[in-house]
Amino acid sequence: MSGLANARRLVVKVGSALLVDAHKGSADRIWLAAFAADAARIRARGQQLLIVSSGAVALGRRRLGLGGKRLDLPSKQAAAAAGQSLLMHAWEEALAPVGMVAAQVLLSRDDTETRRRWLNARATLERLLALGVTPVINENDTVATEEIRYGDNDRLAARVAQMTGADLLVLLSDVDGLYSSDPRRDPTAEHVPLVSELTPAIDAMAGGVNRTAGVGSGGMATKLAAARIAASAGCATLIALGARPSPLSAVEAGARSTLIEPATTPAAAYKAWIAGSLAPQGAVVIDAGAVQALRIGKSLLPAGVKAIEGRFGKGDAIVVRDETGAEIARGLSRYDAGDAERIIGARSAEIEARLGYTAGPTLIHADDLALSAG
């Protein structure tokens, strides 16, 4: 029911109130150790895990002696700068005993909203996962301003799930899911275990405790907004109570939670986004052999390219045409137009010699390519 056991790739969001001991102002090492045991079990099943973690500002407050007073933006940035190393140290201490290596990744909104930076961030996360490393991701609060912030790590976690093609986004909260109304005020409020579609009626449930409760700057309303982002990318969302030891094990053992289902799969959603949501910035003309390769699911190699049209950049959407002018596909280019022209007809081993660098052997990878109808 929870989807935890079947997900190939999970993004788990951990908020400040779970990770930081409110009385001491330091990392809650007991909770972290129990969560690490959950993480190790997930990894032992062959699943990949990314962690989106709040806590830098909360930990930095104590280090800088800022107490519990309301912080202005420069003070928040200073606290984040002082607390981020403490946050990573806490995760490293928790994960190392179960044989897991943590890697710090700091993202700003531009990293998930600008295609070139999106591709670079995705490539880094993919390589970390391929190396068996667990990315621990946080917003880059040290440099983010109010105008360019995500606003909360629920949204950041959803963007990470979207970027990495995750199957499941887990939002650990201080409530055990969505209720039909505020259970503290309405004794008839019902827990909602499964949401098949995010309708206005579901959004209306995020009132009362569902709106005001939640970790850090988020709440149930932000969690439903994050779930909508994830669902658009084919990713399910699980909202579960995090304020207990081993929260993921608890859910798998039957503890209450809310699962929000997507309408499609991550791969299908990504291909649809490429095919219909991006304005092409240029085109490539390919030979008959390349056309056949694309139609059986292969990537587009420079060796099959006959011509480049337009002035596109790395990460831009481009149209792929055959030599008659018919559209074959659309995809995201791994090279800008100038460099693409320089490697026309090149074999993979020749790319670095022609350019002085390589962004890989493909002009458009099969994962970033959507075949046209017809």
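Beta bridges from DSSP with both residues in the chain: antiparallel share about 40 percent, rounded to the nearest 5.
Across all directions, the average flat footprint of the convex hull enclosing the Cα atoms of segment 243-374 is 11.8 nm². A cut-off of 5 Å between modelled amide H atoms, ignoring neighbours fewer than 5 places along the same chain, links A103 with T134, V136.
Please enumerate, by chain and number, the lysines with C-alpha under 21 Å from the C-alpha of K306, excluding those fewer than 8 residues away in the same chain. Qualifying lysines at Cα under 21 Å: K298, K314.
The H on the amide N of A307, modeled in the peptide plane, is under 5 Å from the matching H of V285, each at least 5 residues off or on a different chain. The long axis of helix 220-232 is offset from the longest Cα principal axis of the chain by roughly 20 degrees.
Comparing A39, A236, A353 in a Gaussian network model of the chain, where Cα atoms under 10 Å apart are tied by springs, the biggest mean-square fluctuation is seen for A353.
The mean sequence separation of alpha-carbon pairs under 8 Å and at least six residues apart, normalised by the residue count of the chain, gives a relative contact order of 15 percent.
Please get the size of the charge dipole for the chain, origin at its Cα centre, with Cβ charges of +1 on Lys and Arg and -1 on Asp and Glu, quoted in debye to the nearest 20.
Roughly 540 debye for the chain.
If you run the Gaussian network model on the chain, springs between alpha carbon atoms under 10 Å, then out of L71, L125, L194 the most flexible one is L71. Report, to the nearest 10°, how far helix 115-130 tilts away from the longest principal axis of the Cα atoms in the chain, using its own Cα long axis and a range of 0 to 90°. The angle comes out near 70 degrees.
Measuring how big segment 32-172 is from its alpha-carbon positions, Rg and Dmax come out at 15.3, 44 Å. For the chain, the longest principal axis of the alpha carbon atoms and the long axis of helix 153-164 meet at an angle near 30°.
Taking amide H as placed 1.01 Å from N in the peptide plane, D182 has its amide H under 5 Å from the amide H of V209, each at least 5 places away in sequence or on another chain.
When the Gaussian network model of the chain links Cα atoms closer than 10 Å, the mean-square fluctuations of G282, G325, G360 top out at G325. Among L224, A157, V195, whose Cα sits farthest toward the positive end of the charge dipole of the chain (+1 at Cβ of Lys/Arg, -1 at Cβ of Asp/Glu, about the Cα centre)? Value computed over the given set: A157.
No lab work stands behind these numbers, since they all come straight from the coordinates. Quantities reported herein were computed from a predicted structural model and do not represent experimental measurements. Because the Cβ atoms are built from the backbone with ideal geometry, glycine has one as well, and the counts that use them run over all protein chains shown.
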